[in-house]
1. Would you order B:K59, A:K204 from fewest to most other beta-carbon atoms within 10 Å of each residue's own beta-carbon?
2. Find how many whole Å separate the alpha carbon centroid of region A:205-268 from the alpha carbon centroid of region A:296-339.
3. Quote the FRET efficiency, to the nearest 0.05, computed for B:Q120 versus A:N79 with a Förster distance R0 of 41 Å and r equal to the Cβ-Cβ distance.
4. Taking the number of other C-beta atoms within 10 Å as the exposure measure, put A:Y293, A:Y387, A:Y281 in order starting with the fewest.
5. Can you work out ³J(HN,Hα) from phi for every residue in region A:211-218, in order, using Karplus 6.51 cos²θ - 1.76 cosθ + 1.60 and θ = phi - 60°, giving whole Hz and x for Gly and Pro?
6. Can you work out the FRET efficiency for the pair A:A397 and A:T241, with r the C-beta to C-beta distance and R0 = 35 Å, to the nearest 0.05?
7. Per residue of A:38-49, count partner chain C-beta atoms within 10 Å of its C-beta, then hand back the mean as an integer.
8. State which entries of B:K54/B:K175; B:K28/B:K54; B:K28/B:K59; A:K204/B:K59 exceed 27 angstrom in Cα-Cα distance in the structure shown.
Amino acid sequence: MSNHLDDAALSGYLDGALSHDAMQSAKAHLAECPACRERMEAMRQMIRVLREIPPVEPPAELNLRIRQAIAAEQRLENNHERRVGRVLRGFMAAAAAVVIVTGALTLSLGGGPAGIENATDAAPDTWELHYDASWDSTPSAEMAETESATSDEAGEGWAAMDDTMPMPEEAPMELDGALANAGESFEDESQPRSGGQESLDLQKIIYTAHCTQTTYQFAEDKSSILTKVSALGGFVQYNTTSGVSYAEGGSGLHGEMVLRIPQQNYTEMMRYLSQIGFQQYVEESAENISQVYSDENIRLQNLQAQRDALLELMEKAEALEDVLLLQTQLNEISTQIEQSQSDLRNMDQQVSYATINVTLEERQTTDIIPVSKEDLPLGQRMQEALYRNLAQLRDGASAFLVGLVGAAPFLGILALIAVISLGIILLVRKHNKKSPAGPPPQEESGPSSQA
Amino acid sequence: MSFARFKGPTAQVGLLADFDRLVEEHQKRVYNVCLRMMRNPQDAMDMTQETFLKAWRAKDSFMGQSSVSTWLHRVAVNACLDELRRQKKRTAVSMQELSESGWEPADEHTGDFASRIIDQTAVNAALDLLPSDHRTVLILRDMEGYSYEELAAAMHCPVGTVRSRLNRARANMMKILAAMEQNVPADVKISKGGRSDEQPS
């Protein structure tokens, strides 16, 4: 009998993986060697047992673990997409800034002095550059411009601000494409839209303003403001009046109002307010919360997807332990979903309705100083001149009387001196009348000395 | 399964639902492949999770795939192979523990196999004692039905190497089974080298 086959040769033989000669040789040996046949059968059995080992049921927690891992992966993917989106939007914003700067330079160099004539003309570019640059550098980039005005220049100040404050319809259009890419932004169905503003609905901007007005028609002006708020579809969030009117001997009325105006009517309301009495102070800000909003919205979607997955699992769960675990997770996710929805609603409300804080103060009538006398009608100018002269006459007479009475002691002495002087004069004149041809003094003294 | 209809973020929920069905359908098979290769439930769960994560990441490339099952199986095996390479030391520990327990594999050439009971319990136990590369090739070939070419592709080595490794793996299995059956020390070491297999006399 030839040498026994080793296990490696047996293995090769079973797989038919030996060379032709080796196979023939092994076959011949197996035919005459019971020991090797037995070992071959044992190996064949081992292989058969290996193949027949039945599959086991995976642990119940496996499915949940996989779902959780997928949910975590989804969050990572979303974060990655947002990062890519941010880079893209940053690039678009930078491109928009370059376009604007180039445009501004072209205008100021080629279009003559118009672009650099005064500060207010340059202001819109400054604003838009700020607007673009801040678009993605911080999630809650704030664009604020503050301007205060004295009573005399209030009108001009407000007019200038109107020109420099681009409202939504003036926002740079280069941003629209980038914003459209975001795509995930929650569409606010309740927000009214105007024709060319659809892409701008993706921008979530909170407009806030503070202004202080003074008026000598407090009640009328306040009433008209409240009427205007209703007419523009807004509402009054807060309204209070304090103090006593000057007309009633008090130190003036003071009113505070918080007005909520639909975003599209914000500009009109601010313009209307500027015409109420005298505008003492104006501050406006526009906070862009698009990124924060988008992030929150994606978070909500993820949470809802997780909840759906858990609910589906819950239907299949049989073990009490699994049900309890799922219930705990469901409760936690439901709470997070409610919080997220509440945050989104709050942001929507803030965006849909601009907030205008108005301070209204009564002015004393005598404080009123006409802006310019040349602007008054002729009749009023004549009337005012007459009143002014009469008042001066009255004041002059009063002053004369006061001075007169005040000077009474000196006047008395003067009168006494005058009376005495007059008396002396009269006595002298009387004496002269009694001796009309009287001798010269030397003549009178001559005889008396001779006698 | 086609994922073509899942486009855009709003379809995420639908995508998740369909992916859940995919997991439901294939997790048992994937888990069992992983369990056979990793030899413990915890590692098997980790590798199953890893497999489906990879599937999720590659969900777009599922389009046009004739068999998701084959694809998942390959991903699972590769994940396990990667993990086993990282865990190489575990095998050494097993062998060391084996030696410390006083056991050494017996030579297999004695002709008393008829008395042995080669059942699932014994085979499973013997698998645990194999060096990991031997176990892997044995599992993939004899349990998962891989061809030599598929083995070569999965293990990144030539077909000849696969063949000799498989032969040595089976030989070592037989040695271990024989030793377990006889429970007697032997002076034959488990062979891992290419040409060091002893010939039966």
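Coordinate-derived values only; no laboratory data. Nothing here was measured: the structure is a model prediction, and the numbers come from that model. Note that each Cβ is placed from the backbone with ideal geometry, even for glycine, and that neighbours are counted across all protein chains shown.
1. Details: B:K59 16, A:K204 21.
Placing the least packed residue first, the sequence is B:K59, A:K204.
2. 48 Å
3. Details: r = 47 Å, r/R0 = 1.15.
According to the calculation, E is roughly 0.30.
4. A:Y387, A:Y281, A:Y293
5. Listing the rounded values in order: 8, 10, 10, 10, 8, 9, 10, 4 Hz.
6. On the way: r = 43 Å, r/R0 = 1.23.
Plugging the Cβ-Cβ distance into 1/(1 + (r/R0)^6) gives 0.20.
7. Numbers: counts 5, 9, 1, 3, 9, 8, 1, 7, 12, 8, 3, 10.
Counting Cβ atoms of other protein chains within 10 Å of each residue's Cβ and averaging gives 6.
8. Numbers: B:K54/B:K175 38 Å; B:K28/B:K54 17 Å; B:K28/B:K59 19 Å; A:K204/B:K59 33 Å.
Beyond 27 Å: B:K54/B:K175; A:K204/B:K59.
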